[in-house]
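Take a look at the structure set out below.
The values are calculated or read from the model by the stated rules, or taken from the named source; none is laboratory data. The structure presented is a predicted model; accordingly, all values stated were derived computationally and were not measured. Every residue, glycine among them, receives a Cβ derived from its backbone with ideal geometry; neighbour counts consider all protein chains shown.
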Amino acid sequence: MKPLIAIAAALLASAAPALADTLIDNVDGFTLDEKGQVQRVTGLVFDNDGKVVQLMRRDDKKPAKTDYYIDGKGRVLMPGLIDAHVHIMGLGISAMTLDLSQTKSLAEAQAAIAKFAADHPERKWIIGRGWNQEVWKLGRFPTAAEIDAVVKDRPVWLERVDGHAGWGNSLALSTAGVTAASKDPAGGRIERLAGGQAPSGVLVDGATALVEKHVPQPRAAERDFALDKAQDLLASKGIVAVADMGTSIEDWQALRRAGDSGRLRIRVMSYAAGIDAMSLIGGSEPGPWLYDDKLHLNGVKIYLDGALGSRGASLKAPYADAPGNKGLSFLTPAQLRNLMSRAAMDKFQVAVHAIGDDANGQVLDAVSELRETYKGDRRWRIEHAQVVDPADIKRFGELGVIASMQPVHQTSDRLMAEARLGPARLAGAYAWKSIANGGATLAFGSDAPVESPDPFAGLAAAISRQGPDGQPFGGWQPQERVTREAAIAGFTTGAAYAGMAETRFGRLAPGMRADFLLVDRDPLLASPSELAETRVLETWVGGRRIYSAPVASPQQSR
């Protein structure tokens, strides 16, 4: 008679489910290896845990037996793409509120505001985002009176496209107590009507809090719905993972609810919205990865300056189109170091928003000092790094600072950047290749909802320095274009490395998560314009398909 322990072991073994392997075959695929080199593949085997077992190449013998077989039908398979800088809850909420991002004039914006208010009579506040006075060619900020002309019975509050300014009507300003007597808060500016101190209707950076604290906050159910909407959109664009920049405690709770209920489909590397949120979410350390590598608190997001569009980016010299204005610095050097130290001492990763050359220089100075105290693999991040003093470019690589940049910002901002900076300071603007040549890691993203989360538009911009209209001919500051391989790395391996996840996902290799896409063209061969039009056919995360493109009807395909 067998010993009882042996019988128990046999029973346990027979009760354990067999691991099921899946082969997706007949694909024209590729991934990047550890050195960033392209590896061509014709198939992929992954297990029931959603991890890659084997990459198949043209001359490889197919596995003798797999549990499931998928015919790739000759389609292009590639690694799932990672957005290294996104605001996931903002993306979802923007889909539920007024979107002004497509308006081409103030009149169009006014019409959209009026229609949204009429369509939603139950809403106590009209909120939205996406306006851009530069696109409208207004030559100034809009005013409260211009909203009053279409909606004056309810408060209206609308974020600028970059999230660094807000535009309200008179009722929103009076509700918040913003008057001619109000002082500019630290790190913020109240725009005034010409000839006096009366608020014009636009508040910049830190001043936006004066109104925002009065705006009704989304309820838990609304946050859950917004997260679902954001995931749907990201999956349809081929995004399998994001770095969420500025996670609040309420956002984190929504992410945890989604994970607990099985609704978290996109991987989220979270950076808390400030030190207080970091402590509330993480306590004394970052903590483990959750939900099969779907959620992790990496660290903290710190704001140092504003944005170019609202002249809040902190510059070393005054704005070319606003003499005397050098932008806004939200923190003193000592305050910046204190916040970075507070996070680093508990091993939280630090990501600092810095757009202007002064702000970027300040962060690099701080890292240079702090890394003597905080040893080890810290992976300090600068978010945006849009305008860098050429003398500081090499310091990214020397200090091991990751440049988390958004290629579509360059194509959207180029005319505005030329006006804000003047020709003398363009050499260090959106300097992707120069920063990479200095030895720094590039992590690419979109800054959605500031820009569209479409990574293929970002890839096209990165290799061409041209906008969707193909302008300017030859590319803007074309010496800063990157190769296709470098661009894809920015949205895969570089973004994973920036988020401390390079051993988990970001490329296809045995033991890594099976996060991949099927797309309608080869990004390594398509022209920039073709690349921008790439259609995602399927998105897979951890060996599970989370998106499948709708099949065109016979009439649509004609």
Query raised in the report: Looking at Ala313, is it in a loop (DSSP other than H, G, I, E, B), among the hydrophobic types (A, V, I, L, M, F, W, C) and within 19 Å of Asp184 (Cα to Cα)?
Result: yes
Requested in this report: Answer with yes or no whether Gln110 is in contact with a Leu (Cβ under 8 Å, 6 or more places away or on another chain) and of a type outside the set (A, V, I, L, M).
Outcome: no
Requested in this report: Would you mind stating whether Lys124 is over 27 Å from the mean Cα position of the chain (by Cα), in contact (Cβ under 8 Å) with a residue 12 or more places away in the chain and exposed (fewer than 15 other Cβ atoms within 10 Å of the Cβ)?
Outcome: yes
**Report entry** Selected residue (criterion: modelled with the lowest pLDDT) from residues of the range 512-558 that are of a type in the set (Ser, Thr, Tyr) and part of a loop (DSSP other than H, G, I, E, B)
**Finding:** Ser557
Report task. Report whether or not Leu100 is over 22 Å from Ala489 (Cα atoms), surrounded by 19 or more Cβ atoms within 10 Å (Cβ to Cβ) and touching a Pro at 6+ places or on another chain (Cβ under 7 Å). Result -> no
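The rows are residues; the columns are (1) touching a strand residue (DSSP E or B) at 6+ places or on another chain (Cβ under 9 Å); (2) surrounded by fewer than 24 Cβ atoms within 10 Å (Cβ to Cβ); (3) touching a residue at least 40 places away in the same chain (Cβ under 8 Å); (4) within 19 Å of Met96 (Cβ to Cβ).
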{"residue": "Ala241", "(1), (2), (3), (4)": "yes, no, yes, no"}
{"residue": "Asp251", "(1), (2), (3), (4)": "yes, no, yes, yes"}
{"residue": "Arg257", "(1), (2), (3), (4)": "no, yes, no, yes"}
{"residue": "Ile266", "(1), (2), (3), (4)": "yes, no, yes, yes"}
{"residue": "Ser270", "(1), (2), (3), (4)": "yes, no, no, no"}
Report summary line: Restricting the range 314-348 to residues that are out of contact with any Phe, Trp or Tyr (no Cβ under 9 Å at 6 or more places or on another chain) and under 16 Å from Ala385 (Cα atoms), the one surrounded by the fewest Cβ atoms within 10 Å (Cβ to Cβ) turns out to be Lys316
Query - Search result, residues across the range 485-518 that are among the acidic types (Asp, Glu) and buried (at least 24 other Cβ atoms within 10 Å of the Cβ) - result: Asp515
Query - From the options Ala277, Ala272, Ala243, residue that is part of a helix (DSSP H, G or I) and farther than 30 Å from Arg140 by Cα - result: Ala277
Query - Out of Ile82, Ile93, sole residue that is under 30 Å from Met269 (Cα atoms), within 19 Å of the chain's Cα centre (by Cα) and either modelled with pLDDT of 95 or more or outside any helix (DSSP H, G or I) (or both) - result: Ile82
**Report entry** Single match in Ala145, Ala181, Ala118 (criterion: touching a residue at least 12 places away in the same chain (Cβ under 8 Å), surrounded by fewer than 17 Cβ atoms within 10 Å (Cβ to Cβ) and part of a helix (DSSP H, G or I))
**Finding:** Ala145
Report summary line: Over the range 519-548, the set of residues in contact (Cβ under 8 Å) with a residue 60 or more places away in the chain, surrounded by fewer than 20 Cβ atoms within 10 Å (Cβ to Cβ), in contact with an Asp or Glu (Cβ under 7 Å, 6 or more places away or on another chain) and not charged (D, E, K, R) is Leu537
Query raised in the report: In the range 356-458, which helices (runs of 4 or more DSSP H) lie fully inside it and hold 2 or more residues that are surrounded by 24 or more Cβ atoms within 10 Å (Cβ to Cβ) and under 21 Å from the mean Cα position of the chain (by Cα)?
Result: 357-370, 407-421, 432-437
Report summary line: Counting only residues in the range 229-278 that are of a type in the set (Ser, Thr, Tyr) and more than 30 Å from Asn338 (Cβ to Cβ), the one nearest to the chain's Cα centre (by Cα) is identified as Ser236
